[in-house]
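Right, one structure below, let's go through it.
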Amino acid sequence: MPPLRLIVTLLASFWCLSSAALAGPFSTIVIDAGHGGKDVGGNYKKVYEKHLALDTAMRLEYMLKKKGYRTRMTRKSDVFLSLQKRASIGNRYRNSIFISIHYNYTYRKGAAGVETFYYSKRSKPLAQYVHSAVLSKTRAYDRKVKFARYYVIRNVRNPSILFEGGFLSNSRERRHCRKGYYRQRIAEGMVAGIDRYQAARRAGRLR
Ligand SMILES: [Zn+2]
């Protein structure tokens, strides 16, 4: 192979490799407060998932902005938003990450803890960073980072996670989740996780 062609081939393969990696830091954080409006989400008496999710999202947004991050909320008030709309907002910002915030509910009263879902392989590190930082802030039971096929994380092309902050069907956890200081800890954990994830992106440690 003549040297020039060899150089061109090498350059081309290098370009392919580097564009497959997550190149550098992300620039925007899309925060998605689950449910809203007519869709109240999980609820126990007057404790609605949609309200807790929005409150946590606003705490998160406030702290991220203070740290200089660029943010975008999918909803800022108690309005209904389709899953398609949420995903399309997530895809509007090319170099972004997407964090969907929820609280859990199940008929099994004993179920408790925090869990974080991802769909694509490249979203897994974001899930791990956020999940472990929230656990250390809240000391909640660890339901682990898991793969799931939820619509928003399946359809947002950027690294995206769906976070479940605790069970409203569990009386002890519901008591925690209703308190502002507890949701504040969740949001603080998320900020710490996002910071570490961004540092890893900046250092080129993630694929
Ligand atoms: Zn939910």
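Just so it is clear, none of the values below were taken in a lab; they were calculated from the coordinates. These numbers were taken from a predicted model, which means no experiment stands behind them. Note that we place each Cβ from the backbone using ideal geometry, even for glycine, and neighbour counts take in every protein chain shown.
A few remarks follow.
- Annotation for the range 18-80 versus the range 130-193: alpha-carbon center distance of 12 Å.
- Over the chain, volume per residue of the alpha carbon convex hull, in Å³: 126 Å³
- Ranked packing of 46-54, 170-178, 183-191, 158-166, most packed first, by mean Cβ within 10 Å: 158-166, 183-191, 46-54, 170-178
- Per residue, the convex hull volume that the Cα atoms of the range 111-162 enclose (Å³): 67 Å³
- When the Cα positions of Leu81, Tyr151, Val30 are compared along the charge dipole of the range 4-202, Leu81 comes out farthest toward the positive end, with charges on each C-beta of Lys, Arg, Asp and Glu.
- Among Ser96, Ser160, Gly113 the positive-end extreme of the charge dipole of the chain (Cβ point charges): Gly113
- Take every Cα pair under 8 Å whose residues are at least 6 apart in sequence, average their separation, divide by the length of the chain, and the relative contact order is 27 percent.
- Cα centre as origin, Lys/Arg/Asp/Glu Cβ charges: the range 4-202 dipole, Debye: 140 debye
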